[in-house]
1. Mind checking which residues of segment 364-381 are closer than 21 Å to ASP397 by Cα, touching a strand residue (DSSP E or B) at 6+ places or on another chain (Cβ under 9 Å) and of a type in the set (A, V, I, L, M, F, W, C)?
2. Suppose the filter is aromatic (Phe, Trp, Tyr), within 22 Å of LYS54 (Cα to Cα) and touching a helix residue (DSSP H, G or I) at 6+ places or on another chain (Cβ under 7 Å); does PHE274 pass it?
3. If I ask for residues that are of a type outside the set (A, V, I, L, M, F, W, C), part of a loop (DSSP other than H, G, I, E, B) and surrounded by fewer than 21 Cβ atoms within 10 Å (Cβ to Cβ), which ones from segment 140-161 would you list?
4. With respect to the numbered conditions (1) touching a residue at least 40 places away in the same chain (Cβ under 8 Å); (2) surrounded by 20 or more Cβ atoms within 10 Å (Cβ to Cβ); (3) of a type in the set (Ser, Thr, Tyr), which one is the sole condition not fulfilled by SER392?
5. Which of the residues spanning segment 60-110 are closer than 20 Å to GLY140 by Cα, among the small types (Gly, Ala, Ser) and in contact with a helix residue (DSSP H, G or I) (Cβ under 8 Å, 6 or more places away or on another chain)?
6. Mind checking which residues of segment 330-369 are of a type in the set (Gly, Ala, Ser), on the phi < 0 side of the Ramachandran plot and assigned to a loop (DSSP other than H, G, I, E, B)?
7. Count, please, the residues in segment 116-150 that happen to be under 20 Å from the mean Cα position of the chain (by Cα) and within 14 Å of VAL173 (Cβ to Cβ).
8. What number of residues in segment 114-139 are in a helix (DSSP H, G or I) and surrounded by fewer than 20 Cβ atoms within 10 Å (Cβ to Cβ)?
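The values are calculated or read from the model by the stated rules, or taken from the named source; none is laboratory data. Note that the structure is predicted; figures quoted are calculated from it, not measured. Cβ coordinates were reconstructed from backbone atoms using ideal geometry, including for glycine residues, and neighbour counts include every protein chain displayed.
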Amino acid sequence: MARLGPISKCLLICVTLWSDEAGVVARSSRRANVVLILTDDLDSSMGGLSPLNKTKKLIGDAGISFTNAFVASPLCCPSRASILTGKYPHNHHVINNTLEGNCSSKAWQKSEEANTFPALLNNLAGYQTFFAGKYLNQYGHSEAGGVEHVPLGWNYWVGLEKNSKYYNYTLSVNGKTEKHGADYNKDYLTDVLANMSLNFLQYKSSYKPFFMMVSTPAPHSPWTAAPQYQGRFNNTRAPRDPNFNIHGKDKHWLIRQAKTPMTNSSINFLDDAFRRRWQTLLSVDDLVEKVVKGLEVRGELDNTYIFFTSDNGYHTGQFSLPVDKRQLYEFDIRVPLMVRGPNIKAKQTSQFLVANVDLGPTILDIAGLNVSKTHMDGLSFLPVMEGKMNASAWRSDLLVEYEGEGKNISDPACPLLGPGVSECFPDCVCEDSYNNTYACVRTVAPSADLQYCEFDDNEVFVEVYNLTSDPFQLSNIAKSIDQDVLEKMNHRLMMLQSCSGQSCRTPGVYDPRYKFDPREMFSGHKQKPQKMK
């Protein structure tokens, strides 16, 4: 088990002294604590939760699991920015993982960091705040203030320099450098984050509520499992769903260019990646268990909400794309979301449509802050978790948007290591390009499960899916859908792309208060929506 470095131990003395300050709120009447555990690239469509037995028992079975949880953008930095700000990418302006894409840039720090929900918790609600793990992909870059920069609103800060790693990394511990090597007992990052979290729980103030965010590297590449887990799942392979290793001939150009069928070398690579990803998750499962037990030992568990989710999904072979995210399909935009806490009944499953822009508003609501006075685009789903929300009053759609990397590339043909491709596995396939730029409306209503997407490319390509009849998104029905419905979807997309705050939360095309006949989607049959009884 990895241990704390010398700087971390020293700084915990500061936390201890801070915890001795006199509090004005008695422990028994204190507002609820919140823990957010954020994984990296964890899918929900291809069994991503399968290795996480402890997590499912301790959080999912003890609370509520959301089956329709989505991200505002299927890529690390814009998604994490949406979590922190409660905003869609077109409002927080982080568009991809580069500094040019505003990822952890000085512009982001100036415009957004002071208004993230942890900063509001700290400044307005008096919460003590703790962060450990991956923040934004370019955090620690010299042009973004280096590791000396500690984002506003965090009392105790342990930030990973740049992208996910398991060994040989640098941490910013309250703005001071702490370097780690390759010794499992001292350096394995998932374990280091677990131990730092436990130390925070031990030394924090007992008079103030707290917010703790633990952001693990797993199961992001390089998929380095702890030694004791490297032999697990050896007979496991990536799921062979109907969209595995097929040609997406009716999809946008980036999908059409994929090599089909994939070669054996590519399939072997993605199967190996799938197993290694699962192996890294076993340490995340241990981390969750340690945090829950740490809360229980200190008598804090019953007064603490614990959220478990991911920044985006992942694909392994779908439509012949070996491994990555960044696509509009369910495997990349749908994520796990489980929550336990006060007034949440155990063993619940919810089909309410939620997104990562809702996490901030929900946590602020838990803290007793008025979410309507913020500029956040999301909704608080606290009433959903407490069983106080009627489906007829909830949203029916949300926005997903992504802007491809490499705008300086004029030719959309993907080079061997094209823009956005972080690794070149056998038989390289382009996973991103500057014109892999799109926006989608994802609709979940009582009688409609739909997705409408438009691309900002030379084709102005459109993709539409009826997921009720086509859950694996095999058939793009954009050319067969009724023109009137298509225009309504287009109008709704334009509204969401220009929305801000309250206007992002207005009812959509398929208001859940109305029934929708899916046959209406196709030419030759039109039926007016009828009010639900």
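1. Within segment 364-381, LEU379, PHE381 meet the criteria.
2. Considered against the rule, which asks whether it is aromatic (Phe, Trp, Tyr), within 22 Å of LYS54 (Cα to Cα) and touching a helix residue (DSSP H, G or I) at 6+ places or on another chain (Cβ under 7 Å), PHE274 comes out as no.
3. Those that are of a type outside the set (A, V, I, L, M, F, W, C), part of a loop (DSSP other than H, G, I, E, B) and surrounded by fewer than 21 Cβ atoms within 10 Å (Cβ to Cβ): HIS141, GLY145, HIS149, GLU161.
4. Every condition holds for SER392 apart from (2).
5. Within segment 60-110, SER79, ALA81, SER82, GLY101, SER104, SER105 meet the criteria.
6. Result: ALA346, ALA367.
7. 6
8. Counting residues in segment 114-139 that are in a helix (DSSP H, G or I) and surrounded by fewer than 20 Cβ atoms within 10 Å (Cβ to Cβ) gives 5.
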